[in-house]
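The values are calculated or read from the model by the stated rules, or taken from the named source; none is laboratory data. Please read these numbers as outputs of a predicted model, since none were measured by experiment. So basically every Cβ, Gly included, is an ideal-geometry build from the backbone, and we count neighbours across all protein chains shown.
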Amino acid sequence: MDDRATDEQLLVAAREDADAFARFYRLHAGALLGFLVRRLRDPELAADVCAETFAVALLDVHRFDPERGPATAWLYGIARHKLADALRRGRAEDRARRRLGIPRLELTDEAIERVEALAGVDAARLDAVFGALPEAQQEAVRARVLHEHSYAEIAAAQHTTEANVRQRVKRGLARLRRDLQEDPR
């Protein structure tokens, strides 16, 4: 692919060329993350929503139609939907927490480091191992394990079957387990 390819050309090429999508990602990930941080005011949640946005974009790249508008408009449209989902989940979790009288848990960097030490997992290593999973497995594992979505919800979001989502989660977790147990040296 030509280095001067437009965003639209990159997304069309990404249907068959993973490198084209990687270039599109590199061009827009920083700006999209900034957009999400400004709206969410939570860098960790913004990073999750950004990852979800690009995962959906990759899964749905075949749906992108340059005739309907710019690639960035399509990407930010996905981001707005993921942002709305995150805000809805956050409000529902907050209401439930308040109704039960549970105070909001705020973790300091020190507390997070202690949790990671107790778990015996280096966060950078976990990020690297998780990042090595295929995007579909990353999204399925994140949705099932971190966001506690049902297999049916994930299947609908990923436009696939529940059986396929179950396989993605199973394979993703097995690979994480295997790769985290290996000696990184």
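Couple of notes before you dig in:
- Test: residue in region 14-24 that is touching a Cys at 6+ places or on another chain (Cβ under 7 Å) and at pLDDT below 90: no
- Some residue of region 105-114 being assigned by TED's automatic domain parsing to the domain that holds R168, part of a helix (DSSP H, G or I), surrounded by 15 or more Cβ atoms within 10 Å (Cβ to Cβ) and modelled with pLDDT under 80: no
- Per the listing E139, E93, E67, the residue uniquely at pLDDT 85 or above, surrounded by 11 or more Cβ atoms within 10 Å (Cβ to Cβ), assigned to a helix (DSSP H, G or I) and charged (D, E, K, R) is E139.
- Any hit, region 60-80, residues being in contact with a Ser or Thr (Cβ under 6 Å, 6 or more places away or on another chain) and within 23 Å of A155 (Cα to Cα): yes
- Residue that is nearest to E135 (Cα to Cα), among those in region 1-50 that are in contact (Cβ under 8 Å) with a residue 60 or more places away in the chain and surrounded by fewer than 19 Cβ atoms within 10 Å (Cβ to Cβ): D48
- Residue tally, condition in contact with a helix residue (DSSP H, G or I) (Cβ under 6 Å, 6 or more places away or on another chain) and in a loop (DSSP other than H, G, I, E, B), over region 1-34: 3
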